Structures are given as structure tokens and as C-alpha cells.
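Structure record follows, encoded as C-alpha cells.
The values are calculated or read from the model by the stated rules, or taken from the named source; none is laboratory data. Quick caveat: nothing in here was measured; it's all calculated off a predicted structure. In this analysis, Cβ positions are derived from the backbone assuming ideal geometry, glycine residues included, and neighbour counts consider all displayed protein chains.
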Amino acid sequence: MEQAIRRQAAALPLAVAGVPAKSRSRVLLEWSISLATVTVLVILVLWSGLHINFVGTDSMQPTYDPTDVVVTIGTNVVEPTIGDAVVFESELYGTPIPPHIHRLVGQEDGKFLSKGDNAAKQDPWRIDPDRISGKAIFSFPGWVIRSPLVLGLILFAFVVAALWPTSEEDVSEDTDSVGPQVPLVPQGLLRSGRPPSPGAMRKREARVKEQQIQLQALSEAARGDF
């Protein structure tokens, strides 16, 4: 009896145990690609010296308003020149000047002269080129990263991207059935990218249900439920 049940189960061509090996390999490949992509992005960010800076005063209006976010790139990637808005540190009469953003307006004795766009006069200090940490490349209003709505939309997008099913994900209408789940769409059609016709889908669904019934019967017979 047991041998007969095994022969009948083996005769079901679409019944496969668990997830196909190809699907497992695809999942592993996707995770490997994602991990490699994140690693490369982190390395690029560290190498390029990308930084996020918050504008604290109105000295750079109308270019940057207070609370604006300014993204800068390291001077190892882009060399700052006169006319650029840069983030730098300096000192005046021995007093350290904390990092802030002003525009380079000139150069004297190998040092840069700076000025705020909203200021009438240039700054009294001189800036060593090696004290410039980055050049401004773009900015956006600070409320963007402080808005609960924006943060919620970003989180929602991440969740949807993480849970979005792949094209080869198995489909089953009977999640409580015993036995392996069978995809409704043939793998050949998924690989070719051709959408199945409605008639083919109906035949496929009927075939799947019939096989699930057979598997249920075989499972009950194996447990001695008859």
C-alpha cells in the first residue's frame, strides 16, 4: 500500500517538495546583490566625504535659509574654487571659528577669502585650503526630514519594497492544504515574459486543485485516515 502511494505521488509532475532549487538560488543571488550594492554605496559615501550640514543663521540668504540642509562633497573629489559655497573651519586672533558655510570670494597668500551672501563685507579671517571640509552640491528645506508625513511615506516605501512579491513567487489559493504548493503560472511562461491567456490560467487552476485533492487523499491514506 505504501509503495503504491509513493508511485502515485511520483506520478504528479507538478508536485514538488518545498521551494524549487532555482528559486532558492535566485533569492540567494538577490540578497548577495543587495548586500554588495549597500557595501559599495557605503564605501563611496565614505570615500567621497559626503556630509549633511544644517544652516544655523541667515548669513547665506537668499541661497540658504536657516534650518536648510546642505549636502557637501569632500575636497578630495572636487577641488573648491572661488565662487563656491563651502563648509570650513578657521580662527580669528587665536579663537577657533566653528564649521559653517560661506562663499569663497577671493584668495590671498595661498589662503581663501570668504563672505556670506547676505553680508555687506567679507569675513575677517583667512581660510587654509586644508581647513575646507566640503563643497556644497545641493540643498533642501529642513522641514523635509522633520516632517512626520515625509518620514512615514519613506518608511511605507521601504516596507512595500521589502514585501513586494517577485514574479516567480508561488501562488496558492488554499494555504491550509497539505502538500507542496504549485505555482499557477507555468515557469516557462514566467521565464519567457509572455502573459498566459485566461483559458490557460483556468486550465492551470483546475489542474492545481485536482493535484491538491490527490495529494490530500494520498496524505490521509498514508496516515491511515481511510
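List of remarks:
- Any chance Trp47 is surrounded by fewer than 13 Cβ atoms within 10 Å (Cβ to Cβ), without any contact (Cβ under 8 Å) to a residue 60 or more places away in the chain and aromatic (Phe, Trp, Tyr): yes
- Residues that are among the aliphatic types (A, V, I, L, M) and modelled with pLDDT under 90 within region 53-68 are absent altogether.
- Being assigned by TED's automatic domain parsing to the domain that holds Tyr64 and among the small types (Gly, Ala, Ser) holds for only one residue in Ala161, Ala157, Ala120, and it is Ala120.
- Wholly within region 125-226, helices (runs of 4 or more DSSP H) carrying at least 2 residues that are modelled with pLDDT under 80 and out of contact with any strand residue (DSSP E or B) (no Cβ under 8 Å at 6 or more places or on another chain): 148-163, 187-192, 198-222
Listed here are the residues, each with its yes/no results for (1) assigned by TED's automatic domain parsing to the domain that holds Trp125; (2) over 15 Å from Gly116 (Cα atoms).
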residue: Thr37; (1), (2): no, yes
residue: Val40; (1), (2): no, yes
residue: Gly56; (1), (2): yes, no
residue: Gln61; (1), (2): yes, no
residue: Tyr64; (1), (2): yes, no
residue: Thr72; (1), (2): yes, yes
residue: Thr81; (1), (2): yes, yes
residue: Gly94; (1), (2): yes, yes
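- Filtered residues of region 108-130 (kept if touching a residue at least 40 places away in the same chain (Cβ under 8 Å) and touching a Pro at 6+ places or on another chain (Cβ under 9 Å)): Asp117, Asn118, Pro129
- Search result, residues across region 59-113 that are of a type in the set (Phe, Trp, Tyr) and touching a strand residue (DSSP E or B) at 6+ places or on another chain (Cβ under 9 Å): Tyr64, Phe88, Phe112
- Near pairs, Cβ below 9 angstrom, 6+ apart or cross-chain, from region 19-44 (closer than 30 Å to Gly74 by Cα) to any residue that is modelled with pLDDT of 85 or more and surrounded by 11 or more Cβ atoms within 10 Å (Cβ to Cβ): Leu44/Leu50
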